[in-house]
1. Between GLU103, GLU126, which is farther than 22 Å from GLU64 by Cβ and in contact with a strand residue (DSSP E or B) (Cβ under 7 Å, 6 or more places away or on another chain)?
2. Residues that are closer than 20 Å to LEU21 by Cα, more than 13 Å from ligand 1 (Cβ to nearest atom) and modelled with pLDDT of 95 or more: does the range 47-56 have at least one?
3. Against the condition part of a helix (DSSP H, G or I), within 11 Å of ligand 3 (Cβ to nearest atom) and touching a residue at least 24 places away in the same chain (Cβ under 8 Å), how does ASP88 come out, does it pass?
4. Answer yes or no: is there a residue in the range 143-158 that is surrounded by 14 or more Cβ atoms within 10 Å (Cβ to Cβ), part of a helix (DSSP H, G or I) and among the charged types (D, E, K, R).
5. Of all residues being without any contact (Cβ under 8 Å) to a residue 60 or more places away in the chain and under 17 Å from ARG118 (Cα atoms) in the range 14-38, which is farthest from the chain's Cα centre (by Cα)? Just the residue, please.
6. Of the numbered conditions (1) modelled with pLDDT of 95 or more; (2) within 18 Å of LEU22 (Cα to Cα), TYR132 fails exactly one; give the number of that condition.
7. I'd like the residue in the range 107-131 that is within 18 Å of GLY80 (Cβ to Cβ) and of a type in the set (A, V, I, L, M) and, out of all such residues, is surrounded by the most Cβ atoms within 10 Å (Cβ to Cβ).
8. Considering (1) out of contact with any Asp or Glu (no Cβ under 7 Å at 6 or more places or on another chain); (2) within 12 Å of ligand 1 (Cβ to nearest atom), say which one VAL149 fails and leave the rest.
Amino acid sequence: MKDLVAIVGYMGCGKSTVGRLLAGRLGAAFVDLDEAVARRAGRSIPLIFAERGEEGFRELEHGELAAALGGGEARVVACGGGAVLREDNRRLLRERAATVFLEEDLRLLYARTRAADRPLRGASFEEFRRRYELRLPLYREVADLTVEVDGRGVEEVAGEIARWLRG
Ligand SMILES: Nc1ncnc2c1ncn2[C@@H]1O[C@H](COP(=O)(O)OP(=O)(O)OP(=O)(O)O)[C@@H](O)[C@H]1O
Ligand SMILES: O=C(O)C1=C[C@@H](O)[C@@H](O)[C@H](O)C1
Ligand SMILES: [Mg+2]
């Protein structure tokens, strides 16, 4: 079993929630990439986007991903929804981690992401869907395992990943 597990997928698919549960089950450390970026910058993610733009955010995100996948202890890393956009990030994910793609119904994700102030969530479902379609091949490119969440509970999803990891 690889010591580093990364969780990828579109906004709101459960990366952070499932990642934290999975880390608990495995007795591994947990890193939430969005939280790591916000902590490093001393600012919320919407504020980082407002001050430095998406490009500035992606630079910080890349640095935190490289650090999180730098080895050492066993670790589960919940990525941000757009971390797969950069080729250097995709290479890190392919080479260093067992990477899990959480696939979920897009209408459900759209509904979930309306509540909070969130960069790039899209003003309409069409915009949300267009961004997803650009990213879908990238999630698939890095994934060692794709989990069809299909409205199942987070405990069940974490259990499925843990079983897969134990082979
Ligand atoms: N399988 C699930 N069933 C029900 N609710 C879920 C499920 N997965 C996640 N949620 C809920 O959806 C919301 C978003 O989950 P979470 O923050 O884990 O997603 P994320 O993929 O990390 O999102 P982000 O793109 O913001 O990082 C949370 O309120 C969480 O409790
Ligand atoms: O999908 C995205 O591009 C993003 C998702 C979030 O996890 C954050 O990383 C940020 O809001 C950007
Ligand atoms: Mg998250």
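1. The conditions single out GLU103.
2. Scanning the range 47-56, I find no residue that is closer than 20 Å to LEU21 by Cα, more than 13 Å from ligand 1 (Cβ to nearest atom) and modelled with pLDDT of 95 or more, so the answer is no.
3. no
4. no
5. Per the criteria, the residue is ALA38.
6. (2)
7. It comes out as LEU109.
8. (1)
The values are calculated or read from the model by the stated rules, or taken from the named source; none is laboratory data. In this text the structure is predicted, and so the values were computed from the model without any measurement. Quick reminder, even Gly has a Cβ in these numbers, built from the backbone with ideal geometry, and neighbours come from all protein chains shown.
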